[in-house]
Every structure is written in C-alpha cells, then in structure tokens.
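To keep things clear, I will list the structure first and then write my remarks on it.
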Amino acid sequence: MAPAADDRSARLERPAGSDASVPAARSARPTQADIDREVAAIHAAYGEARAQGAPAAHHPPRDFPPYRSSMLRHPQRPLVPVHCDPETVEWHSPVFGATDVTEHDSDLTAQHRGEPLGERITVSGRLLDGRGRPVRGQLIELWQANAAGRYAHLRDRHPAPLDPHFTGVGRVLTDDDGGYRFTTVKPGAYPWRNHTNVWRPAHIHFSVFGNAFSQRLVTQMYFPGDPLFAHDPILQSVTDEKARERLVAAYDHTRSRPEWSLGYHWDIVLDGPSATFAEEGRA
C-alpha cells in the first residue's frame, strides 16, 4: 500500500528541482517557530473552551491551519449520496478474507531473502469496541517508512537510503481475543514541506477494514518520548491531550522477545469516549 497522502502530499507538491526556480516561495514558507505559535494559540483556545464546558474534541478539524495542505484539500461540501444498491459499491473495491492472509504477512522482517536494517520491534495489542469487547477476525493492515525514514514508494523523494530487504507493509487478522501482533523495524523520522525544517516523528500507519472496504478506518501509532511530538502539526491537530496520548504506544518489556526485538503495546478502540483517533475521510 502507498503511504497515506496526509503526510507526504505537502512534501511532494512541487516537481523535483522547482524550488530553485522559486526562491521567493521558499522564503515565504513559515518556520517551525511560526507553526509552534499557531498550534499553541489553537490549543489555548481549546483549553478555554473546555474550561467553559465545551465537549472534548476527539477528532481535529479538517481544516487545521498549521497543517497547511489540510486547508487546500479538506471537504467543503456535503457528501454526495450514491443512489444505487449499496452492495454494488463492493464490486469496485478490493476483496479481503481470511484465506488471503498468511502467517508470514505480519512479520515485516521476514518478507525478503535478507534481513532489514534497523531496530527490530514487536507491536501488539487488541482491537476493541467502545465497551472493551474484542473485535474478532478483523483485518488490520500497516505500512511505514524504513529505519532511515523512507517509504518504498516511487513518489517518495526523501534522499534517504532504500532498504532492499524491507517493503514496509504487513497485515494480520485479529484472533478470538481481538489480538494482533506485528514484527517490524522502528521507522525513522522524515522531512516534509509543510514549513521550513519540519520532520514527522516516527510513526506507523494502521488501517482496520471492518466487514467491508467502505468501513475502513485509518490512524497512526507513535512511539513514546519522541521530541518531535511538540513540533508536528499533524499530531497536534488532535487538540485534546488525552486523545493524542491514545495514539502513542507504550513500551512493554514483557512483550519484548529475548535477543530479538523490543515490545510495544497499542490497543485500537473503534468507538466511544476512549476511541482511537481515526483520520476522517479515509473510509
């Protein structure tokens, strides 16, 4: 699967080499300090609204000004209903099922003849509904950059090395307890063009497909203690602090595999007040 458009589009909005011909545009881009001030002002306004009794905002606005490209491509009109048999939508969508997923799909370090470079990690948790009940037999897919912060994708122009032994995609079906497990390498941070000198913190994209492609939910998982959190307008667009915290995995030593990988625990909650943030408009 290609990297999500949310964090690559701003970096790829100009053809290669075009920056040299438009120095004024480059100099006009905001700095990290500019973005930090914008985010701080929005968070402060949200805090004041909460103090006055406003409900928690578990999802960010679709047009979050510090996240520049969201201002250009967020939906501005109501959805258009499709007046046909709903099941016909499935004719134009991928078909997923238990027979398509193998036991090797969840180990991203064993998909090629050689071993990928980087810090091996095991990410595991449970897929839960709003009442804490397990959601069984659901397809969870992930994709990520390699240890150098580069995706195995033709549109990724980040001048970091590709790893011939790492594609960066995996999938698994949840078990009877709603559990899932992936073995992979920790992704690296990478730059993008939202503003000057901006870097995305290390993260892994997750999607949950439900029972039909049209039910798909997409989100991102981050790693604890990343110094880039405060400077990332995508993560900071989730203005509610508790909702942001639910996007960060916890290091769990009991999930580490001796002499092989470090363990991280991350549950995905589909709905309710403890729901994991999902990227709206990704279904």
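Just a few scattered comments:
- Value of relative contact order over segment 146-282, rounded to a whole percent, pairs C-alpha under 8 Å and six or more apart: 15 percent
- Potential lengthening between residue 117 and residue 129 on full extension [0.36 nm per residue; Cα-Cα distance subtracted]: 0.8 nm
- Amide H contacts under 5 Å for residue 198, placed H, 5+ residues apart: 192
- Carbon/sulfur fraction of accessible area - segment 176-283, other protein chains in place, 1.4 Å, %: 52 percent
- Amide H contacts for residue 185 (H built 1.01 Å from N in the peptide plane; partners 5 or more residues away or on another chain; cut-off under 5 Å): 121.
- Shape category assigned to segment 102-154 from the gyration tensor of Cα positions, a/c cut at 1.5: prolate
- Cα-derived Rg over Rh, computed across segment 143-227 with Rh taken as Kirkwood radius: 1.01
- Value of Rg to Rh for segment 125-273, rounded to two decimals, is 0.96; Kirkwood radius and Rg both from alpha-carbon coordinates.
- Scalar couplings 3J(HN,Hα) for segment 193-203, obtained by applying the Karplus form with A = 6.51, B = -1.76, C = 1.60 to θ = phi - 60°, are 9, 4, 7, 6, 6, 10, 10, 7, x, 4, 7 Hz; x denotes Gly and Pro.
- Among 141-149, 221-229, 41-49, sorting by the average number of other beta carbon atoms lying within 10 angstrom of each residue, highest first, gives 141-149, 221-229, 41-49.
- With protein chains left intact and a 1.4 Å probe, residues in segment 117-205 average 41 Å² of accessible area per residue.
- Three-way shape call for segment 184-258 based on the alpha-carbon gyration tensor, with the a/c threshold at 1.5: oblate
The values are calculated or read from the model by the stated rules, or taken from the named source; none is laboratory data. Small disclaimer: the values here were computed from a predicted structure and weren't measured. Cβ sites come from the backbone with ideal geometry, for glycine too, and all protein chains shown count toward neighbours. Side chains included, ligands, DNA and RNA excluded: accessible areas come from the protein's heavy atoms. Shrake-Rupley method; radii C 1.70, N 1.55, O 1.52, S 1.80 Å.
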